[in-house]
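Peer 1: Here you go, one structure.
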Amino acid sequence: MKGIRGFIIRFLSAFVLVSALFYLFGSVYARILLPIFAFEIELVHPEYEILSYGMEEVQNEGESIYYVIKIKREIVNKIGVPLYGTTVRLTTVASALYIQPIIIFSLLLSWPVLSIRDRGRGLVAAIPLTIAAASIDIPVFFICRIEKGFPVSSLSGQIRLMMDTFFSNGGRQFLALLVVLVTIGLIQMTKPPRISPDTGPNNPCPCGSGKKYKHCCMNKV
């Protein structure tokens, strides 16, 4: 019980700290990712041309990210009206981008049994994984907003619809937890093996490489 209470206190403290950092500097993080998302949308759908994107302040909602997208193919809606050449402007609150990194970094900073060094390694390792998670989430969100209301006739369209439903119903939080578990797994896998005091320089290395200890992990501890 004491361990659980300690973890909760550490997590809440880390959560407040990380949330404050994203409140102050989250727009920098978002602006770095916006061109990546634009590239992904055009890569998946070359018929969607990104005309512009950016961030804006919306009254009563805070910061939002937006994309202005030109649809360069004919899309017929349910009543048969073609929408070829239509330009759409899509927005979402910027805080949608902050959910995953806040959860990930808060958990890594408060996770039990991790040393300070391991936490630092984990935070660095989690950065590309966090960007990868966001790169799955946000482009799918905008593509599904474009195609919402139109018949889903292809397998890829059905997959996107399924992913949109997933992310809209706790999928972001689940993916954040998955990133945390993968990061902790990487930390444990890259840790040098525990060495017995009886292990001599000429003994086989405990890591199982088949080399002598002095030629393998001796200089890593």
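The values are calculated or read from the model by the stated rules, or taken from the named source; none is laboratory data. Values in this document were obtained by computation on a predicted structure and should not be read as measured data. Positions of Cβ are generated from backbone atoms using ideal geometry, with glycine treated the same way; all protein chains shown enter the neighbour counts. The accessibility values were calculated without ligands, DNA or RNA, using every heavy atom of the protein model including side chains. Shrake-Rupley method; radii C 1.70, N 1.55, O 1.52, S 1.80 Å.
Peer 1: Which residue out of LEU114, LEU123, LEU108 is closer than 15 Å to ILE184 by Cβ, touching a residue at least 12 places away in the same chain (Cβ under 8 Å) and in contact with a Gly (Cβ under 6 Å, 6 or more places away or on another chain)?
Peer 2: Checking each option against the conditions leaves just LEU108.
Peer 1: Another question, then. For LEU161, are the conditions met, namely being free of Cβ contacts under 8 Å to residues at least 24 places away in the same chain, touching a helix residue (DSSP H, G or I) at 6+ places or on another chain (Cβ under 8 Å), farther than 22 Å from GLY26 by Cα and among the aliphatic types (A, V, I, L, M)?
Peer 2: So LEU161 passes the test.
Peer 1: Could you grab me the full set of residues in the stretch 42-60 that are more than 23 Å from the chain's Cα centre (by Cα) and open to solvent by 70 Å² or more (accessible area, probe 1.4 Å)?
Peer 2: Correct list: PRO46, LEU51, GLU57, GLN59, ASN60.
Peer 1: From the list PHE11, PHE39, exactly one residue is within 24 Å of the chain's Cα centre (by Cα), free of Cβ contacts under 8 Å to residues at least 60 places away in the same chain and open to solvent by 50 Å² or more (accessible area, probe 1.4 Å). Which is it?
Peer 2: Every option except PHE39 fails the conditions.
Peer 1: Return the only residue of LEU155, LEU123, LEU129 being open to solvent by 20 Å² or more (accessible area, probe 1.4 Å) and at pLDDT below 80.
Peer 2: So the residue among LEU155, LEU123, LEU129 that is open to solvent by 20 Å² or more (accessible area, probe 1.4 Å) and at pLDDT below 80 is LEU155.
Peer 1: How do the pairs read when you match residues in the stretch 16-27 that are touching a residue at least 60 places away in the same chain (Cβ under 8 Å) and farther than 17 Å from ALA96 by Cβ with residues anywhere that are in a helix (DSSP H, G or I) and not acidic (Asp, Glu), using Cβ under 6 Å and keeping only pairs 6 or more apart or on different chains?
Peer 2: That search, which allows pairs on different chains as well, returns nothing.
Peer 1: Restricting the first residue to the stretch 65-91 and requiring it to be open to solvent by 70 Å² or more (accessible area, probe 1.4 Å) and assigned to a loop (DSSP other than H, G, I, E, B), which pairs with a second residue that is at pLDDT below 90 and among the hydroxyl-bearing types (Ser, Thr, Tyr) meet a Cβ separation below 6 Å and a spacing of at least six or different chains?
Peer 2: If the second residue must be at pLDDT below 90 and among the hydroxyl-bearing types (Ser, Thr, Tyr), the pairs left are GLU74/TYR84.
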